[in-house]
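Peer 1: To start, I am sharing the structure in question, which I have written as structure tokens.
The values are calculated or read from the model by the stated rules, or taken from the named source; none is laboratory data. The structure presented is a predicted model; accordingly, all values stated were derived computationally and were not measured. Glycine gets a Cβ as well: all are built from the backbone with ideal geometry, and neighbour counts include every protein chain shown. When the accessible area is computed, the model is the full protein with side chains, heavy atoms only, and any ligands, DNA or RNA have been set aside. Shrake-Rupley method; radii C 1.70, N 1.55, O 1.52, S 1.80 Å.
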Amino acid sequence: MSDFNKIMAFQQMMPYLNREQQENLATTLGMDLQEIERRLVGKNKEDEFVLILLFMEVCKSITGFDEGVSQLLKTATSDLLIELRNGDKFMLEIKHTDKERYSISMGNLQKRIEYANNYGLDLFFAISIKGYWMLFSAEYLKQKNGKIDVSDLTKSKLDETLGCVSYIFPKGLRIKSVYSTEEAVKSTGIQFPPYGKLVSYELYYNDRKIFRVKGKNSPYIGYTMILEALQDRLSMDTQIIKQSGSYTVINESFSNEFNAISEYKFLLAPIEHTAYDEEEKYTAHTYIENAKADANLLKMRFQVGHIRGMMQYLADNGIEMMYM
């Protein structure tokens, strides 16, 4: 069995195994668990981009290729064949790197271009660098000698292809969350280990309260889930945690004037924060696998319209935000 097939087999079993069992399985496969996890990051990023395509609802069809079979004749297949609702078709390579720059040799690039051209199609690359997804034609990569970094973001065709926008949030935006580990505390029912249950959630702009969530029946409780991507970004900027007894107060805010978050991030974040099996949270891969088993799962999610309605609400309530 090739390393590729071993990793694919491990990925299918991983959600059902604890850490010790995962280590034992890796040993049985003759591989190092850390190496498997490193390589699975790339596979999960591929699944993440597939979710973006699904959630933005721009595709008429998505066809995948069996990489294991392709390896038999060393065929430089693409990852996906994409047909958009507007009739456009193209081959797609999905790539991820933890480095500052994505790089592909010109020889490898040319082989992949020729494969797509054999089917009368252009080739595009979806590339993830530092959490940013970008989309480029293979011709653009040729112009860049196969090297892409975040400075190429302005040349990306992703937002245009997806029909989405990025929202620009201002400095002065803040979320205050109160949690408690008390069993009997009245809460929203939302859990955030190790701090406990979410007691209240408040959004502020320049210290003016926009809305407050308190209790399971709050009319604003859905907002906390729609704004997961915003809270994630705030926590990466400035996060102040204060604890008193069983209570924890977390304030998260922006210190910069320009804070851009793409629409697709708001669609992905609620999935990444949702547990599907007790404490086990979804990854892009496990979400797709569960959706294969239950088609209704794809319907039980936020739509682009929900995100845009939320942004309109924030703007109507005085938050000086923009979109691009």
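Peer 1: Between segment 260-324 and segment 169-221, what's the alpha-carbon centroid distance in Å?
Peer 2: Taking the Cα centre of segment 169-221 as reference, the centre of segment 260-324 is 18 Å away.
Peer 1: Under the 0.36 nm per residue contour assumption, what length would be gained going from the current alpha-carbon distance of Met225 and Met322 to full extension? Each step should come with its number before you reach the end.
Peer 2: Values: separation 97, 0.36 × 97 = 34.92 nm, distance 2.11 nm.
Taking Met225 through Met322 to full extension adds about 32.8 nm, to one decimal.
Peer 1: Moving on. Would you mind checking segment 83-108 for residues with the amide N under 18 Å from a putative spin-label position 7 Å along Cα→C-beta of Thr63?
Peer 2: 83-94
Peer 1: On a 0 to 90 degree scale, rounded to 10, what angle separates helix 263-272 from the longest Cα axis of the chain?
Peer 2: Relative to the chain, helix 263-272 is tipped by roughly 80 degrees.
Peer 1: Still on this structure, I have one more. Could you state the angle between the C-alpha long axis of helix 228-237 and the longest principal axis of the C-alpha atoms of the chain, as a value from 0 to 90 degrees rounded to the nearest 10?
Peer 2: The helix 228-237 is inclined about 80 degrees to the chain.
Peer 1: Moving to a separate point now. For segment 257-324, state which chymotrypsin sites (Phe, Trp or Tyr not before Pro) are in a DSSP loop and have at most 15 other beta carbons lying within 10 Å of their beta carbon. Working shown, then result.
Peer 2: Numbers: sites: Phe258, Tyr264, Phe266, Tyr276, Tyr282, Tyr287, Phe302, Tyr313, Tyr323; in loops: Phe258, Tyr282, Phe302.
Of the chymotrypsin sites (Phe, Trp or Tyr not before Pro), the ones in loops of segment 257-324 whose Cβ has at most 15 other Cβ atoms within 10 Å are Phe258.
Peer 1: Just the number, please: carbon plus sulfur as a percent of the accessible area of the chain, 1.4 Å probe, no ligands or DNA/RNA counted.
Peer 2: Numbers: 8640 of 17540 Å².
Within the chain, the accessible surface is 49 percent carbon and sulfur.
Peer 1: Out of segment 160-256, which GluC sites (Glu not before Pro) are coil in DSSP terms and have no more than 15 other C-beta atoms within 10 Å? Can you show the working numbers first?
Peer 2: Values: sites: Glu160, Glu182, Glu183, Glu202, Glu228, Glu252; in loops: Glu182, Glu183.
Qualifying residues, ordered by number: Glu182, Glu183.
Peer 1: Please list Met322, Met31 from largest to smallest accessible area, probe radius 1.4 Å, with all protein chains kept in place.
Peer 2: Working: Met322 120, Met31 30 Å².
Greatest to least solvent exposure: Met322, Met31.
Peer 1: Set Lys and Arg Cβ to +1 and Asp and Glu Cβ to -1, take the dipole of segment 263-322 about its Cα centre, and tell me which of Ala315, Tyr287, Ile271 lies farthest positive.
Peer 2: It is Ala315, whose Cα lies furthest towards the positive end.
Peer 1: If you don't mind, another one. Between Ile168 and Ala315, what is the label-to-label distance in nm when each label sits 7 Å out along the Cα-to-Cβ direction?
Peer 2: 1.3 nm
Peer 1: If you take the beta carbon distance between Asp232 and Leu84 as r and set R0 to 30 Å, what does 1/(1 + (r/R0)^6) give as a FRET efficiency, to the nearest 0.05?
Peer 2: Working: r = 29 Å, r/R0 = 0.96.
It comes to 0.55.
Peer 1: Hey, can you find the accessible area per residue of segment 201-324 for me, probe 1.4 Å, expressed in square angstrom? Could you put the intermediate results ahead of the total?
Peer 2: On the way: 6950 Å² over 124 residues.
With the other protein chains kept in place, segment 201-324 gives 56 Å² per residue.
Peer 1: Among the aspartates and glutamates, which have Cα under 15 Å from the Cα of Lys45 when same-chain residues fewer than 8 positions away are ignored?
Peer 2: Glu37, Asp79, Glu93, Asp98, Glu272, Glu289
Peer 1: If you don't mind, there's one more thing I want to ask. Looking only at segment 182-206, which residues have a backbone nitrogen under 15 Å from a spot 7 Å from the Cα of Asn217 in the C-beta direction?
Peer 2: Once the point is set 7 Å along Cα→Cβ of Asn217, 186-189 turn out to lie under 15 Å by backbone N, inside segment 182-206.
Peer 1: Give me the Kirkwood hydrodynamic radius of segment 113-255, using the inverse of the mean 1/r over all pairs of distinct Cα atoms, in Å to one decimal. Display every interim value, and only then the final one.
Peer 2: Details: mean 1/r = 0.0544 Å⁻¹.
Averaging 1/r across every pair of different Cα atoms and inverting gives 18.4 Å.
Peer 1: Here's another thing I want to ask about it. Averaged over every viewing direction, what's the projected area of the C-alpha convex hull for segment 10-65? Give it in nm², one decimal, please.
Peer 2: Details: hull surface 19.4 nm².
So the Cα hull casts an average projection of 4.9 nm².
Peer 1: Accessible area per residue for segment 109-181 in Å², computed with a 1.4 Å probe and the full protein assembly in place, what is it? Spell out each step's value before the answer.
Peer 2: Details: 3260 Å² over 73 residues.
On a per-residue basis, segment 109-181 sits at 45 Å².
Peer 1: If I compute P(r) over Cα pairs in 10 Å bins from 0, in percent from the structure I just sent, which labelled value in [x] 5, 16, 14, 11, 11, 10, 10, 9, 6, 3, 2, 1, 1, 0; [y] 5, 22, 30, 26, 13, 4, 0; [z] 5, 20, 23, 20, 16, 10, 5, 1 lines up?
Peer 2: This structure yields the entry labelled [y].
Peer 1: Sticking with this one: Rank these residues by their accessible area, most exposed first, probe 1.4 Å: Thr97, Thr63. Working shown, then result.
Peer 2: On the way: Thr97 20, Thr63 65 Å².
Ranked from most to least accessible, the order is Thr63, Thr97.
Peer 1: Here is a further query. Looking at the square roots a ≥ b ≥ c of the eigenvalues of the Cα gyration tensor of segment 107-189, which shape do they give, rounded for a/c under 1.5, prolate if a/b is larger than b/c, or oblate? Spell out each step's value before the answer.
Peer 2: Values: a/c = 3.42, a/b = 2.65, b/c = 1.29.
Taking the square roots of the gyration eigenvalues as a ≥ b ≥ c, segment 107-189 is prolate.
Peer 1: Pick out, from Gly120, Gly64, Phe10, the residue whose Cα sits farthest towards the positive end of the charge dipole of the chain, with +1 on the Cβ of Lys and Arg and -1 on the Cβ of Asp and Glu.
Peer 2: Gly120
Peer 1: Follow-up question, since we're still on this one. Please report how many Lys pairs in segment 73-136 have alpha carbons closer than 20 angstrom, counting only residues at least 8 apart along the chain or sitting on separate chains.
Peer 2: Details: Lys74/Lys95; Lys74/Lys111; Lys89/Lys111; Lys95/Lys111; Lys95/Lys130; Lys99/Lys130.
Taking segment 73-136 as the scope, the lysine pair count is 6.
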